[in-house]
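Everything on this sheet refers to the single structure shown next.
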C-alpha cells in the first residue's frame, strides 16, 4: 500500500471492557459502546503457532476515531499477553488499527521492517485481521485489516450511534457470528 495509513482505531487491553468503557465515557464522553463477548474466531495463529484466542471487545467512537477496549478470556500466550504478561496485573494501550489493501502483503512488508507478525486471525465469516509487532518502534502493536464492506459498515454504525446518542446506558451488547 502506498501513502499514509491513517489511524482508524486506538485500543486498550483491560481487565473488564464494560468497566473501562464506562470510565472512558465518563472521562471523555466517548461512546456509546457496543460489547461483543467471546468473539468467535475460526483460526488464530500467534507467532506461527495455532492457538485458541477467546476475547471480548467494547467498541465506541472517540471523536474521529474508534476506541476499543479488549480483554482476553482464556489463559495462555497471545498478542495481548506479549505486551501485558499474564498475571502481571498490567493493562494499557495495546494497538492502533489501520486499513490496508492486502493484509498478507502488509504482514510481509511490516516483517521486512523488523515488525514480525504477532497474530493472524480469521473470524468465522472469513474476515482476516493481523497484528504487526511494532512495539519496539511505536510502543504498541499495529492491527491490520482490509476495509471490507462488513468492517466499513460496522465503523459507520458505531460512528452514527455516537452522533445519534441522546443519553442512557452507554453499553449495548452485540454478537458477532
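Read the figures in this text as sums done on the coordinates, not as results from a lab. Everything numeric here is computed off the predicted structure, so don't read it as measured data. Cβ sites come from the backbone with ideal geometry, for glycine too, and all protein chains shown count toward neighbours.
For the chain, what does the helix formula give at 222 nm: sum of -39500 (n - 2.57) over DSSP H segments with n ≥ 4, over the residue count, nearest 500 deg cm²/dmol?
Helices in the chain give a 222 nm mean residue ellipticity of -7500 deg cm²/dmol.
In which sequence would 59, 155 go, from the one with the fewest C-beta neighbours within 10 Å to the one with the most?
The fewest-first ordering by Cβ neighbours comes to 155, 59.
Provide the packing ranking of 76-82, 124-130, i.e. peptides ordered by the mean count of other C-beta atoms within 10 Å per residue, highest first.
On the way: 76-82: 19.1, 124-130: 15.6.
Put in order of decreasing packing, that is 76-82, 124-130.
Starting from 0.36 nm per residue, how many nanometres of slack lie between residue 176 and residue 15 once their C-alpha separation is accounted for? Provide the component values of the computation, followed by the final result.
Numbers: separation 161, 0.36 × 161 = 57.96 nm, distance 2.07 nm.
Extra length from residue 176 to residue 15 when fully extended: 55.9 nm.
Please state the shape class of region 23-159: rounded when a/c is under 1.5, otherwise prolate if a/b exceeds b/c and oblate if not, all from the C-alpha gyration tensor. Kindly include the intermediate steps, with their values, before the conclusion.
Values: a/c = 1.39, a/b = 1.19, b/c = 1.17.
Because its axes are fairly even, with a/c under 1.5, region 23-159 counts as rounded.
For region 93-168 and region 63-87, compute the distance between their C-alpha centroids and round to whole Å.
13 Å
Starting with the fewest neighbours, write out 134, 113 ranked by other beta-carbon atoms found within 10 Å of each beta-carbon. Please list the in-between numbers first.
Working: 134 20, 113 10.
The most exposed by this proxy come first: 113, 134.
What percent do you get for the relative contact order of region 7-164 when only Cα pairs under 8 Å and 6+ apart count? Could you put the intermediate results ahead of the total?
Values: 320 pairs, mean separation 41.8, N = 158.
Relative contact order, region 7-164: 26 percent.
Given the peptides 137-148, 60-71, 42-53, arrange them by the average over their residues of other C-beta atoms within 10 Å, most packed first. It would help to have the intermediate numbers written out before the result.
On the way: 137-148: 18.1, 60-71: 19.8, 42-53: 14.3.
My ranking of the peptides, most packed first, is 60-71, 137-148, 42-53.
Calculated FRET efficiency, residue 28 and residue 152, Cβ-Cβ r, R0 25 Å, to nearest 0.05?
Details: r = 24 Å, r/R0 = 0.97.
Rounded to the nearest 0.05, the efficiency is 0.55.
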